[in-house]
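One structure is given below, encoded as structure tokens.
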Amino acid sequence: MPILRLEEVMKTYGKHIAVNRVSFEVPHGAIFGLLGPNGAGKTSLIRIITTITKADSGRVFFDGERISSRHPAQIGYMPEERGLYKKMKVGEHLLYLARLKGLSRSDADQQIPHWVERLGITACEAKRVERLSKGRHRQTRSTAPVNHPP
């Protein structure tokens, strides 16, 4: 069973068709990317998958269930615009993101050192985000601890 399955998903904005009968499956454990030119519907599709917006028609399934508001917490994605606070230190940013994901301060404080070491970003933890390379920005944004033990 795929982790994500879309069936004939459509989304329109007025007379503009943003997503036109898109169907695909993503197997468990896969890394999946949406590529295409501006206006191809990538952002609209991501918003549907993450339940920010609803499809006009079609169906989306996550792990065999119809997608619902509880599923986005299990989905990770990397937007081009990272939304990091440039003046914040990496460790502070990880704490902020962990808290947004629902971890208590004490749980986040316990998990962050593990993930910083595991991901090899120990040297970056005390640096301000603005001092990181674009690659490090992406690594920091995508590695905030989630609500499960390391």
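This table checks each residue for (1) open to solvent by less than 40 Å² (accessible area, probe 1.4 Å); (2) within 19 Å of the chain's Cα centre (by Cα); (3) modelled with pLDDT under 80.
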site	(1), (2), (3)
I75	yes, yes, no
R82	no, yes, yes
M88	no, no, no
G102	no, yes, no
V116	yes, yes, no
I121	yes, no, no
K127	no, no, no
S133	no, no, yes
P150	no, yes, yes
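If we keep just the residues of segment 55-89 that are among the charged types (D, E, K, R) and touching a residue at least 40 places away in the same chain (Cβ under 8 Å), which is farthest from T122 (Cα to Cα)?
Narrowing segment 55-89 to residues among the charged types (D, E, K, R): 56, 59, 63, 65-66, 70, 80-82, 86-87, 89.
Next, from what is left, pick out any that are touching a residue at least 40 places away in the same chain (Cβ under 8 Å): 56, 59, 63, 82, 86-87, 89.
Details: D56: 45, R59: 42, D63: 34, R82: 20, K86: 18, K87: 18, K89: 12 Å.
Checked segment 55-89; the qualifying residue farthest from T122 (Cα to Cα) is D56.
Cβ-Cβ distance below 8 Å, separation of 6 or more or different chains: which pairs start in segment 103-117 with a residue that is within 16 Å of K89 (Cβ to Cβ) and touching a residue at least 24 places away in the same chain (Cβ under 8 Å) and end on one that is in a helix (DSSP H, G or I) and polar (S, T, N, Q)?
Listed pairs, sorted by first residue: V116/T122.
Those residues that are farther than 19 Å from I75 by Cα, among the charged types (D, E, K, R) and either within 21 Å of the chain's Cα centre (by Cα) or surrounded by 11 or more Cβ atoms within 10 Å (Cβ to Cβ) (or both), I need them from segment 5-64; list them, please.
Of everything in segment 5-64, those that are farther than 19 Å from I75 by Cα, among the charged types (D, E, K, R) and either within 21 Å of the chain's Cα centre (by Cα) or surrounded by 11 or more Cβ atoms within 10 Å (Cβ to Cβ) (or both) turn out to be E8, K11, R21, D56.
Scan E65, E117, E92, E7 and give me the residue that is touching a Ser or Thr at 6+ places or on another chain (Cβ under 9 Å) and not β-branched (V, I, T).
Working: E65 fails: touching a Ser or Thr at 6+ places or on another chain (Cβ under 9 Å); E117 fails: touching a Ser or Thr at 6+ places or on another chain (Cβ under 9 Å); E92 fails: touching a Ser or Thr at 6+ places or on another chain (Cβ under 9 Å).
Just one listed residue meets the conditions, E7.
Checking T51 against (1) modelled with pLDDT under 85; (2) under 30 Å from M1 (Cα atoms): exactly one of these is not met. Which one?
Unmet condition: (1).
The values are calculated or read from the model by the stated rules, or taken from the named source; none is laboratory data. Model, not experiment: these values are computed from the prediction. Glycine also receives a Cβ, built like all others from the backbone with ideal geometry; neighbour counts cover every protein chain displayed. All accessible areas refer to the heavy atoms of the entire protein, side chains included, with ligands and DNA or RNA removed. Shrake-Rupley method; radii C 1.70, N 1.55, O 1.52, S 1.80 Å.
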